[in-house]
Amino acid sequence: MFSIRKKDGLARIGELITNNGKILTPILLPVINPNKQMIHPNEMVKCGAEAFITNAYLLFKNSLNKEKALKEGLHKFIDFSGPLMTDSGAFQLMEYGEVSVTNQQIIRFQEKIGSDIGVFLDCPIKEGSYDDFNLALDETIRRADEHNKIRDPNNPILWAGPIQGGRFLDLIKKSCVEMKKKEFNVHPIGSVVPLMENYDYLNVVKMIITAKHYLPLNRPVHLFGAGHPMFFAISSYLGVDMFDSAAYVLYAKKDRYITVFGTNYLENLQYFPCICEICNSHSVQEIKRLDKETRTELIAKHNLIVSLGEIRRIKQAIIEGRLGELVLSRIMNHPSLGKLKNIIFNSSNSDFIEIFEPKSKLRSLLITDPILAEQPLILRYKQRIMDRFYCWNSKLVIGHEFQKLPSTQSYQVIKVSPLFGVIPAELIGVFPLVQHERIPMLFSREIKEYINKFLEIYKPKFKQIVVHPSLDLELKSLEKFEKFEGLRGVEKAERHHTLFAMIDYQFGKGVHKILNHKDINVERSRRTGILRRFSDDIGLLGTFRASDFTIVPTLRLANLLHENFPPPKFRVIADNESIPYVLKNKDLLAKFVKNVDFEIRCGDEVLITDENDRFINFGKAVLAAPEMIAFDRGVAVQVRH
Ligand SMILES: [Zn+2]
């Protein structure tokens, strides 16, 4: 039911198909009180809402409205024809300790009123010991089993399987492992409201990170009661696809005015820092003078517009690949979020996100804080240089990132950088080396260790290593080295070394060896001097994509990769049923992917083979390897036409 259109790490623009229309994620579902709608859904649609969540239990308890909803259906009752999710009363169970409905009753009720996404009656608890949470989780799992048995398989409703366990991360893991086995379409993470109310964002973040490690990739993750928009970008970056919030109206009732930076009390405002329709057409003083009900409605609308605006900002950031930057700016806005910086951007979290991170981004990376040096794309770059560095000369010159060193055939050049560690001169155009801007940075202890480790590994490959005298950096790994003494030469390095360095960086160490070195001809653009394409005596082998300096293989190079490397290297192995289509240059759909090289990342150039390793086609991966396996909707590989 769910497919991905665009990704930025774990954040994704996706499409969830429901019985009453598509839900495009990330999405905020404003909460509607079914018995007392303060703002009509049409009014909220004007504010930017696309779907809603309401409470089936509150409807069930109100006998008049219950009959009405059963008779005319939920959509007519709410007066909204798009996707509607319903909650089960579990929140009321958490708040008040009991509810007057059974799991079976609320499941049937949601089926009958025609909800698009329903929730069984899970058991969240507000507080308690490990044992209390464990008991509640066991009961949730039991009810999930009951749900799977009694649900009507012919009803088009999608079902949500909530994750419980509170702040106890091994219980979150247990909950995910159990829920993954069952038939659900969406996984909300529950029990976060009490933590959010105490500004305990740290535990919420840890819960989301843990859940994302164990939940199936092809089911959207929903954060129950996500509340304040200043937390949306952070959750989205960690892989949350759906939010619901009643904050817009709950805050308004207390005269609290929401911004993405925090919340203001109306009485403290002199100006509205917003130009939405409400704030544009009323002064603060006018709103203060209004009666309570009108005032609440207007503030609620503003609060909603701000919350939905943040979701759009997140979507655009995903398209541009800049969600990390938005997250950092939100974190810096509020002290209660400040301590999240080191957990969201630390290397172990970034290592996990890296698996899902596309190869390059639409825009340059902006490094506005040293912590962004830990972002997934930079970790990937450093790992690849460490593993795949291409040596072609016996003499190595080391300089600083900003030093101009002549590049010649007589020696090989690397430059050291406080952000990237090591930059081989041949790879200077590769994303994100050129495509980044950053604040001035010092060499951290970690980056010095990285550079030294690199030199430890590669120094035996060189007979002579020369360090530029102005490079004021202690290189422990080089006990003795010569000082740079004006090496002569302005000749360009042979183009094929640039090509081979790029091939190894992109495809893997030593992959350049599949080309016959003597025959290779690399062409540069006459106008710009940028590498354009390369060929051998037989014909064209590949082109260089200018935007991120990626090598795009031709059919011949794809065949060479296939002949020279055994499966699963570079391969997406397709179900035989799909082969006739892929042969006709139709994109390979995720549902036909049988197996895949787990090194493949979104944006990589890949081979498509059948189950007997027959070469079928080649193209660009639009999903990461684990996603190709998990998803049964959407495209996995865009075939080259
Ligand atoms: Zn406003």
Taking the stretch 255-279 on its own, how many of its residues are in a strand (DSSP E or B), touching a helix residue (DSSP H, G or I) at 6+ places or on another chain (Cβ under 7 Å), of a type outside the set (S, T, N, Q) and away from the ligand (no atom under 11 Å from the Cβ)?
1
Condition (residue is surrounded by fewer than 17 Cβ atoms within 10 Å (Cβ to Cβ), under 23 Å from Lys509 (Cα atoms) and not aliphatic (A, V, I, L, M)) applied to the stretch 342-351: is it met by at least one residue?
yes
For the stretch 364-388: of the residues being out of contact with any Asp or Glu (no Cβ under 8 Å at 6 or more places or on another chain) and farther than 17 Å from Asn346 by Cβ, which is surrounded by the fewest Cβ atoms within 10 Å (Cβ to Cβ)?
Asp387
So is Lys212 within 22 Å of the chain's Cα centre (by Cα), in a helix (DSSP H, G or I) and within 28 Å of Phe109 (Cα to Cα) or not?
no
Filter pass, Leu202 being buried (at least 21 other Cβ atoms within 10 Å of the Cβ) and within 22 Å of Phe168 (Cα to Cα):
no
Is there a residue being farther than 23 Å from Pro358 by Cα, in contact with a helix residue (DSSP H, G or I) (Cβ under 8 Å, 6 or more places away or on another chain) and loosely packed, with under 12 Cβ neighbours inside 10 Å anywhere in the stretch 519-532?
no
Of all strands (runs of 3 or more DSSP E) fully inside the stretch 360-431, the set with 1 or more residues that are within 29 Å of Glu605 (Cα to Cα) and among the polar types (S, T, N, Q) is 412-417
Please go through the stretch 282-305 and give me each residue that is surrounded by fewer than 23 Cβ atoms within 10 Å (Cβ to Cβ) and within 14 Å of the ligand (Cβ to nearest atom), ordered by number.
His282, Ser283, Val284, Glu286, Ile287, Arg295, Glu297, Leu298, Ile305
So is Ala252 within 16 Å of the ligand (Cβ to nearest atom) and more than 29 Å from Ile163 (Cβ to Cβ) or not?
yes
Considering residues of the stretch 215-254 that are charged (D, E, K, R) and part of a loop (DSSP other than H, G, I, E, B) only, the residue surrounded by the fewest Cβ atoms within 10 Å (Cβ to Cβ)
Lys254
Tally, over the stretch 605-631, of residues that are within 11 Å of Leu217 (Cβ to Cβ) and assigned to a loop (DSSP other than H, G, I, E, B):
3
May I ask you to list pairs of residues, at least six apart or on different chains, whose Cβ atoms are under 7 Å apart, with the first in the stretch 274-298 being assigned by TED's automatic domain parsing to the domain that holds Gly262 and under 20 Å from Val249 (Cβ atoms) and the second being among the basic types (Lys, Arg) and within 15 Å of the ligand (Cβ to nearest atom)?
Ile278/Lys301; Ile287/Arg295
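The values are calculated or read from the model by the stated rules, or taken from the named source; none is laboratory data. Everything numeric here is computed off the predicted structure, so don't read it as measured data. Don't worry about glycine lacking a Cβ; one is built from the backbone with ideal geometry, like all the others, and counts go over all protein chains shown.
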